[in-house]
Amino acid sequence: MTHVTENVTAAKNLNHFRKSRSLSDYLQEIRLLLEPKIAPCKDNMPLLVMVTSAPSHTEQRYAIRNTWATRVPTLFILGLSGEELQHLNDRHEDDLIVYEFKDHYQNLTIKVALMLKWASEECSSVNYILKTDDDMLLNPWQLETIVHDTPDADLIGYKMVNAELDRRESSKWHMPSWLYPEEFVPEYLSGNGYMINGKHLKPMFLAAYEVPLINIEDIYITYLVARRKLGLKLTHEPRLSVYRPWLPLVSSYWELASVHGFTPPELLAWWSELLDMSKNVK
C-alpha cells in the first residue's frame, strides 16, 4: 500500500465521527466475541497489563507471551468480525479479549474505551491497569518499583505538556479542527504506556459516555476524560518512556520501565538481555 493510499484511507476512516461522536452509539452495536475463561485478577493485585493489538499481529503477541508477560499478568484486546474469529491463529490462548468491530488505528479510541469497560467490570480490584501497545518492551522490575513508590496516583505515564495538534491530513495523527478546535492540549499521557488506578476504571468509563469522541486515544482518555472531565491528576513518570535510548546498552534499557518500537525478534533478544541484567542487580 502506498503512502498516499494510507493517507486517503485514514481520512475516510474519520467519517464515522461526523455521524456520531457518542460512545454509547458505538458500544451498543459492538459484541464481545471472546474473553478469558477466568479473568486473571485478584484483589489488590499490583498490576495488570492490557495490550492493544491487531488481529494480524500474531508474532507480536507470541513474542510478548514469551518475554515480559511471563513476569506480569497480561491480556490482549483486539477487534474483528465474528466470521474472522475462526481464522485468528492464537484464538485458543486464554489471554484474548476480542470485540466485534473494525480494528484500525482511527478506531483506537473505541478499542481503549472497550478496554475500560471490560476492566471496570472484571478487574477493578487491581491496583493499576497498564495500557500499552504490542511493540513495547516492558521491564517488570521497574514497573514493580513504580507501583510500589506511587500507590495512590490517579494516572501515571509520560506526560506531554502544551502539545500542538497535528492538522496535516497526510499524518497518521491527523486531528481535524472539526473534531477538536483548540490548537494545543494542556497535558496528556503518551499512549505508548500509561497506568490507571483501578478505582478510577469505572468512573472513567462512565464519564466517557459524556465526552464526545475524538480519534486520538491518549488525548481523549487521559486528558479529555480523566483530566478535564473528572479532574484526575496526571503523574509524569519518565521511566514509561516514549523514546529509545541513544546507546543500545542493556544498562540504559534497564533504567526504563517501557521502551517503544520493537519487532518480535528485537523483543525476544532484548528480553534475554534484561533477564541477565536482573540477575546481576539482585
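Let's see how each residue does on (1) of a type in the set (Phe, Trp, Tyr); (2) surrounded by fewer than 24 Cβ atoms within 10 Å (Cβ to Cβ); (3) touching a Ser or Thr at 6+ places or on another chain (Cβ under 9 Å):
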| residue | (1), (2), (3) |
| --- | --- |
| 185 | no, yes, no |
| 188 | yes, no, yes |
| 195 | no, no, yes |
| 198 | no, yes, yes |
| 202 | no, yes, yes |
| 217 | no, yes, yes |
| 225 | no, no, no |
| 231 | no, yes, no |
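Whether any residue in region 98-106 is open to solvent by 20 Å² or more (accessible area, probe 1.4 Å) and either at pLDDT 95 or above or touching a Leu at 6+ places or on another chain (Cβ under 7 Å) (or both) is what I want to check.
Restricting attention to region 98-106, the residues satisfying the condition of being open to solvent by 20 Å² or more (accessible area, probe 1.4 Å) are 100-105.
Keeping just the survivors that are either at pLDDT 95 or above or touching a Leu at 6+ places or on another chain (Cβ under 7 Å) (or both) gives 100, 103.
Yes - at least one qualifying residue is present in region 98-106.
If you go through region 55-68, how many residues are within 12 Å of residue 90 (Cα to Cα) and surrounded by fewer than 22 Cβ atoms within 10 Å (Cβ to Cβ)?
Residues that pass the stated criteria total 8.
Suppose we filter 243, 253 for residues that are open to solvent by less than 20 Å² (accessible area, probe 1.4 Å), more than 14 Å from residue 131 (Cβ to Cβ) and in contact with a strand residue (DSSP E or B) (Cβ under 9 Å, 6 or more places away or on another chain); which single one remains? Give the derivation first.
Values: 243 fails: open to solvent by less than 20 Å² (accessible area, probe 1.4 Å).
Unique residue meeting the criteria: 253.
Would you kindly identify the strands (runs of 3 or more DSSP E) lying entirely within region 177-282 that contain at least 1 residues that are among the aromatic types (Phe, Trp, Tyr)?
184-197
Can you name the number of the only condition in (1) over 23 Å from residue 133 (Cα atoms); (2) surrounded by fewer than 17 Cβ atoms within 10 Å (Cβ to Cβ) that residue 236 fails?
Residue 236 satisfies every listed condition except (1).
Report every pair of residues separated by at least 6 positions or lying on different chains whose Cβ atoms are under 7 Å apart, first residue within region 61-79 and closer than 30 Å to residue 29 by Cβ, second aromatic (Phe, Trp, Tyr).
Close Cβ pairs (under 7 Å, with a partner that is aromatic (Phe, Trp, Tyr)) amount to 61/76; 79/99; 79/101.
Pull out all pairs, ordered by first then second residue, where Cβ-Cβ is under 7 Å, the residues are six or more apart or on different chains, the first lies in region 172-194 and is in contact (Cβ under 8 Å) with a residue 12 or more places away in the chain and over 17 Å from residue 105 (Cβ atoms), and the second is loosely packed, with under 13 Cβ neighbours inside 10 Å and acidic (Asp, Glu).
183/164; 184/164
The values are calculated or read from the model by the stated rules, or taken from the named source; none is laboratory data. Worth saying up front: this structure is predicted, and the values here are computed from it rather than measured. Glycine also receives a Cβ, built like all others from the backbone with ideal geometry; neighbour counts cover every protein chain displayed. Heads up: the accessible areas ignore ligands, DNA and RNA and are worked out on the full protein's heavy atoms, side chains in. Shrake-Rupley method; radii C 1.70, N 1.55, O 1.52, S 1.80 Å.
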